[in-house]
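J.: One structure coming up, written as structure tokens, with questions to follow.
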Amino acid sequence: MKHELRDRHILITGAGRGLGRHAALHLAELGATLGVADIDANNAQAVAAEIGSAGGVGFAYPGDVSEQESFERIATDFAGQCGRIDAIVNNAMVLHYCGVEDVEPQRLDTMLSVGIKSLFWSAQALLRHYDAEQGAALINIASPVAARGYPGTSAYSTVKGAVVSFTRAMAAELGPRGIRVNAVSPGSVPTPGALALNTAEVYEQRAAVNPLRRNGTEADNSKAIAFLLSEDSDYINGEILNVDGGTSACA
């Protein structure tokens, strides 16, 4: 079943490639108007053009979502195009693994700013630009590493743990204002970015121990996001939806 998102205006951060790009294309296919936000202007414009070529509507917004002023500019421009913002998907993240002794201050600051600070700016932006009578949704991208310990992921796990906490706090705070806040927690997905950090053999090993005997796909993640944005989930709030083939349940 495909979830109808026609006449919905959805802003996605980090939408220039990987999971964000696929989600933008999928939501546009379901009828949504997409705001494609990415720090790489060329990637943002390419995805918006791809949406247009497929018959959808997408606008490119280059910018650094870790900066409050930049996020607000992106949101204001998108709301100006559409009249309002119905949902924001916080997908932007800097993916980096290393031992704790090798964590560098500048890289850590970037990971924390992109992965955590942007969540606050997104909530502020949505409150300024949503239709209070119609309501809105905020979707965050979590990870199973928020609940399990993996060597070499101290910074990444810290960010994703904060995503989970923020999601639950905002569900309680923004629910009475008509904004549902949920998170999608994708499992192991061999995107180009992830493959730059792990070998194909690593993903083969992960698939072998997954209860469904496969890794996740970009489509698995996109469909979960679409569900949480649709009317079919209009009583779901504060949920961390694991899309990992059962890995979290069996850990």
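The values are calculated or read from the model by the stated rules, or taken from the named source; none is laboratory data. Note that the coordinates shown come from a computational prediction; the quantities given were computed from them, not determined experimentally. Neighbour counts are summed over all protein chains in view; Cβ atoms, including those assigned to glycine, are modelled from backbone coordinates with ideal geometry.
J.: One residue is enough: does region 64-72 have a residue meeting the conditions over 23 Å from residue 29 (Cβ atoms), of a type in the set (Phe, Trp, Tyr) and either in contact (Cβ under 8 Å) with a residue 40 or more places away in the chain or crowded, with 22+ Cβ neighbours inside 10 Å (or both)?
T.: Among the residues of region 64-72, at least one is over 23 Å from residue 29 (Cβ atoms), of a type in the set (Phe, Trp, Tyr) and either in contact (Cβ under 8 Å) with a residue 40 or more places away in the chain or crowded, with 22+ Cβ neighbours inside 10 Å (or both), which makes the answer yes.
J.: Does region 38-46 contain at least one residue that is assigned to a strand (DSSP E or B) and in contact with a Pro (Cβ under 8 Å, 6 or more places away or on another chain)?
T.: Yes, some residue in region 38-46 is assigned to a strand (DSSP E or B) and in contact with a Pro (Cβ under 8 Å, 6 or more places away or on another chain).
J.: Working only within region 48-81, note down all residues that are more than 25 Å from residue 116 (Cα to Cα), touching a strand residue (DSSP E or B) at 6+ places or on another chain (Cβ under 6 Å) and not in a helix (DSSP H, G or I).
T.: Those that are more than 25 Å from residue 116 (Cα to Cα), touching a strand residue (DSSP E or B) at 6+ places or on another chain (Cβ under 6 Å) and not in a helix (DSSP H, G or I): 57, 58.
J.: Within region 187-199, can one find any residue that is in contact with a strand residue (DSSP E or B) (Cβ under 7 Å, 6 or more places away or on another chain) and either in a loop (DSSP other than H, G, I, E, B) or touching a residue at least 60 places away in the same chain (Cβ under 8 Å) (or both)?
T.: yes
J.: While we're here: Restricting to region 147-158, give me the number of residues that are within 19 Å of residue 92 (Cβ to Cβ) and without any contact (Cβ under 8 Å) to a residue 60 or more places away in the chain.
T.: Looking only at that region, the number is 4.
J.: Suppose we keep only residues that are modelled with pLDDT under 95 and closer than 23 Å to residue 38 by Cα within region 94-106. Which one would you say is surrounded by the most Cβ atoms within 10 Å (Cβ to Cβ)?
T.: In this case the residue turns out to be 94.
J.: Among the listed residues 226, 172, which satisfies the condition of being loosely packed, with under 14 Cβ neighbours inside 10 Å, of a type outside the set (Val, Ile, Thr), touching a residue at least 60 places away in the same chain (Cβ under 8 Å) and within 23 Å of residue 120 (Cα to Cα)?
T.: Checking each option against the conditions leaves just 172.
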